[in-house]
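Worksheet for the structure shown next.
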Amino acid sequence: MELHMAANGRRGTAWLGYSSLAVWCLLEWATSRASDLLNPLVYIAYFASFLVCLIFSVVLFVQSPPHRRITEERIAACLLLVPLLWNLI
C-alpha cells in the first residue's frame, strides 16, 4: 500500500512537471516576438516557468528509485531540462 502511494506521488509530480513544461512551451511560443516579452506579466511568467521546470527536474531526479537507471521520473527530469538547453543556445 505504501509503495503504491509513493508511486502515485511520483507520478503526480511527473504530471506537474509535464504541465510546467507545456506552460513553458506555450510562453516560449507566445514571446517569440520581442514586443510580447516587454510586458512585465509575460516576462515574470516566462522566467517563473523556466525556474519551475528546473525545480521539478531536480525533485524528479531525487524521487527516482536509485536502483533503476531508466525510469519515468528520470526521463521526465531530462525533458524538464529542455528550457535550460534552449536558453543556452
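Computed from the coordinates by the stated procedures, all read-outs in this text should not be read as laboratory data. Keep in mind the model is a prediction, meaning the values are calculated, not measured. Neighbour counts run over all protein chains shown; Cβ positions are idealised from the backbone, glycine included.
Using the Karplus curve 6.51 cos²θ - 1.76 cosθ + 1.60 with θ = phi - 60°, work out ³J(HN,Hα) for each residue of the stretch 13-20 in order, rounded to whole Hz, and write x for Gly and Pro.
Ordered by residue, 3J(HN,Hα) equals 5, 5, 4, 5, x, 4, 5, 5 Hz.
Pull out the extension gain between Ala30 and Leu54, defined as 0.36 nm times the separation in residues minus the alpha carbon to alpha carbon distance; nm, one decimal.
6.6 nm
Lys and Arg at +1, Asp and Glu at -1: add these up for the other residues within a Cβ distance under 13 Å of Ser57 and post the number. All intermediate terms of the calculation are to be shown ahead of the outcome.
On the way: positive: Arg74; negative: Glu73.
Counting the neighbours of Ser57, the net charge comes to 0.
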